[in-house]
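Okay, so here's the structure we're looking at.
The values are calculated or read from the model by the stated rules, or taken from the named source; none is laboratory data. From a predicted model like this one, the values you see are computed outputs, not experimental measurements. As a convention, Cβ positions derive from the backbone with ideal geometry for all residues, glycine included, and neighbour counts pool all protein chains shown.
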Amino acid sequence: MRSVSVIGIGETKFGRFPEKSLRALILEAGAKAIDDAGIDREDVGALFMSNYNAQSFSGQGHLGPLAAEVLGLGNIPTLRVEGACASGSLAFRQALSAVASGMYDVALVGGVEKMTHQSTEAVTAGLAGASDMDLEAGLGATFPSIFAMIANRYCHEYGDVRHEMALCAVQNHENALLNPDAQLQKRITVEQVKNGMPIAHPFTIYDCSLVSDGAAFVVLAATGVAKAVCRKRLVEVVGCGQAGDTLTLASKRSMTTFAATVLAAQQAYGIAGITPAQIDLAEVHDCFTITQIINSEDLGFFAKGKGAVAVAEGKTAANGQMPINVSGGLKAKGHPIGATGLSQIYEIVTQLRGDGGGRQLKRADIGLTHNIGGTAATCVVSIFRGR
Amino acid sequence: MARRGTIYTYSIVHSGIEAFQEQTPYLLAVVEENRHRRMARVEGYTEKTAITIGMEVTFLSDDERGNPVYTFA
C-alpha cells in the first residue's frame with residue numbers, strides 16, 4: 001500500500017443556514033478544498049461523498065452525482081457513504097484505501113448535512129434511525145436517552161462524574177470561542193449545564209451536541225504526487241483503523257468502554273507505530289459529554305475511570321498535556337452528521353500546518369481523529385503526521 | 001411466580017420523538033433477567049420515584065413490538 005497525504009481541506013462555517021441549499025454548502029466547502037490543494041478539477045480521480053440522511057431531511061438522495069455536478073468534476077466515479085455519525089470518516093477511509101491501493105492518485109472526500117430547517121422532533125426521529133427502530137426507538141428511546149443510560153451506568157461503575165461531564169461542555173465552548181467556523185461562540189458555566197433544560201436524565205440540553213448545517217471536504221493524494229503539488233506542510237495519513245460493534249445498547253458486553261473505539265484505535269496506533277502518549281492533539285467524538293470522557297479512556301489517553309478527573313485537572317484543555325477538541329467539538333463547533341468526521345480532519349490538518357490562528361497549539365506534529373456512529377456501533381480512528 | 005428483573009441502567013426521558021412526546025417524562029431502562037439484558041419501559045414512574053441501578057422491577061407484559069414492559073410493584 002502507498003503512503004497517502006492530505007493536500008487540501010475546506011469547510012463551511014457550521015450553524016443554522018436555512019437559506020443555504022445542499023448544493024450551496026457542497027460548493028463552498030468543496031471548492032475551498034480543491035483550491036487549497038492547488039490542483040485542477042481534472043486531477044480528481046474519484047469522489048467519496050458522506051451523508052447521513054438528506055433523503056429524510058431534504059428528500060434528496062444520490063449525493064455523489066449531485067456533488068460532482070456542483071463541483072464540475074465531470075464523469076468521475078462517485079460513491080455515497082453512510083455510517084450514521086461516522087459517515088464522514090468512513091468516506092475518508094474508503095478514499096484512503098482507494099488511493100493507497102493505487103486505484104487513484106487523487107481522491108476527493110466530502111461530507112454534508114442540512115438539518116436545522118426541520119423541527120427538533122423530526123431531527124430526533126431522523127437520527128433515531130441510527131439506533132434500532134424496533135428494540136430502541138420503538139420503545140421511545142432517543143440518542144440522548146441511550147447515551148444518558150451509558151452515563152448513569154458509568155457513574156455507577158466509576159463514581160459520580162456529573163460535574164466533569166459539565167466541564168467537558170464548558171471546555172468545548174471555551175475552545176469554540178477561537179474557532180470562526182464554530183456554530184456556538186458562547187461561554188457557558190458548569191451551573192448552566194447542570195440546570196439547563198432537561199433532555200434525558202442526567203443530560204440537559206448543554207450535554208448534547210448541536211443540530212447543524214454544514215459541509216467539509218478533504219483532498220487526498222498519493223504522497224509521491226502530493227510532494228509535487230502541495231505548497232503547504234505535507235500531512236501524511238500514518239494510520240487508520242475501523243471497527244464495529246452491535247447496533248443496540250443492551251447487547252453490548254460493556255456500556256462504559258466502547259469496543260469499537262478500542263479496536264479501531266489499536267489498529268491505527270499499530271499501523272502508525274505510535275503510542276497514545278505521542279499524540280499532540282485529538283478531535284474526539286463528543287456527541288454527548290459522557291461520550292468524550294469514555295472515548296478519551298478508550299483511546300488510551302487516560303486510564304479507565306480516570307477520563308473525568310483528567311478534564312477537571314485541565315489535561316484536556318487547549319493548554320493541557322492532551323488537548324481534546326480544540327475546534328470546539330461536536331458540542332460547540334457543531335455536528336452536521338455527514339460532515340463531522342471530515343470537519344475533525346479539517347481541524348487536525350489546520351493545526352498540523354500551523355494555520356490555527358488564535359487557537360493554534362504550540363506543539364502540533366501528530367494528531368488523531370476519532371469518530372463514532374450510532375451507539376458506538378461504527379468507529380474510525382485516524383492518525384496524521386506533519387512532514 | 002412473577003418474573004423479576006433488575007435495572008442495569010436507566011434514563012428518564014424528558015424530550016422524546018413525536019410519537020412519545022405526550023408521555024414525557026417516562027422511564028427507560030436496560031433490565032437484566034438471568035444475565036440477559038434488554039431495553040424496556042418501566043411503568044409507574046413519577047417525579048417522586050427514587051430510581052437506583054440494581055433495584056428490582058416486575059415484568060408486566062410485552063408491548064405490541066414484543067419489547068418488555070416492567071413495573072415497580
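Descriptive notes on the structure:
- Test: residue in segment A:74-85 that is touching a residue at least 12 places away in the same chain (Cβ under 8 Å), β-branched (Val, Ile, Thr), closer than 20 Å to A:ALA377 by Cβ and buried (at least 24 other Cβ atoms within 10 Å of the Cβ): yes
- Search result, residues across segment A:213-243 that are acidic (Asp, Glu) and under 22 Å from A:ILE274 (Cβ atoms): A:GLU236
- First in segment A:1-25 and farther than 21 Å from A:LEU330 by Cα, second anywhere and of a type in the set (Gly, Ala, Ser) and part of a strand (DSSP E or B), Cβ under 8 Å, 6 or more apart: A:ARG2/A:ALA222; A:SER3/A:ALA222; A:VAL4/A:ALA221; A:VAL4/A:ALA222; A:SER5/A:ALA221; A:SER5/A:ALA222; A:ILE7/A:ALA221
- Unmet criterion (only one of (1) at negative phi; (2) out of contact with any Phe, Trp or Tyr (no Cβ under 6 Å at 6 or more places or on another chain); (3) among the polar types (S, T, N, Q)) for A:ASN325: (1)
- A:LEU368 being in a helix (DSSP H, G or I), of a type in the set (A, V, I, L, M) and modelled with pLDDT of 95 or more: no
- Qualifying residue in segment A:240-248 (condition: part of a loop (DSSP other than H, G, I, E, B), in contact with an Asp or Glu (Cβ under 9 Å, 6 or more places away or on another chain) and within 14 Å of chain B (Cβ to nearest Cβ)): yes
For every residue, the table says whether it meets (1) free of Cβ contacts under 8 Å to residues at least 12 places away in the same chain; (2) crowded, with 24+ Cβ neighbours inside 10 Å; (3) in contact with a helix residue (DSSP H, G or I) (Cβ under 8 Å, 6 or more places away or on another chain).
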position	(1), (2), (3)
A:ILE290	no, yes, yes
A:ALA303	yes, no, yes
A:THR316	no, yes, yes
A:LYS362	yes, no, no
A:THR378	no, yes, yes
A:GLY386	no, no, yes
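- Any strands (runs of 3 or more DSSP E) falling wholly within segment B:2-49 and containing at least 1 residues that are surrounded by fewer than 20 Cβ atoms within 10 Å (Cβ to Cβ), in contact with a Gly (Cβ under 7 Å, 6 or more places away or on another chain) and not aliphatic (A, V, I, L, M): B:4-13, B:26-33
- Look at (1) buried (at least 24 other Cβ atoms within 10 Å of the Cβ); (2) part of a helix (DSSP H, G or I); (3) in contact with a helix residue (DSSP H, G or I) (Cβ under 7 Å, 6 or more places away or on another chain) and you find that A:SER56 fails only one, number (1).
- Taking segment A:113-215 and the helices (runs of 4 or more DSSP H) fully enclosed by it, the elements with 1 or more residues that are among the charged types (D, E, K, R) and within 11 Å of another protein chain (Cβ to nearest Cβ) are at A:120-128, A:143-158.
Conditions (1) within 30 Å of B:ARG37 (Cα to Cα); (2) free of Cβ contacts under 8 Å to residues at least 12 places away in the same chain; (3) within 22 Å of the chain's Cα centre (by Cα), marked per residue:
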{"site": "A:PHE143", "(1), (2), (3)": "yes, no, yes"}
{"site": "A:ALA166", "(1), (2), (3)": "yes, no, yes"}
{"site": "A:GLU174", "(1), (2), (3)": "no, no, yes"}
{"site": "A:VAL190", "(1), (2), (3)": "no, no, no"}
{"site": "A:HIS201", "(1), (2), (3)": "yes, no, no"}
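- Qualifying positions in segment B:50-73 - in a strand (DSSP E or B), touching a residue at least 12 places away in the same chain (Cβ under 8 Å) and either more than 12 Å from every other protein chain (Cβ to nearest Cβ) or touching a helix residue (DSSP H, G or I) at 6+ places or on another chain (Cβ under 6 Å) (or both): B:GLU56, B:VAL57, B:THR58, B:PHE59, B:LEU60, B:THR71
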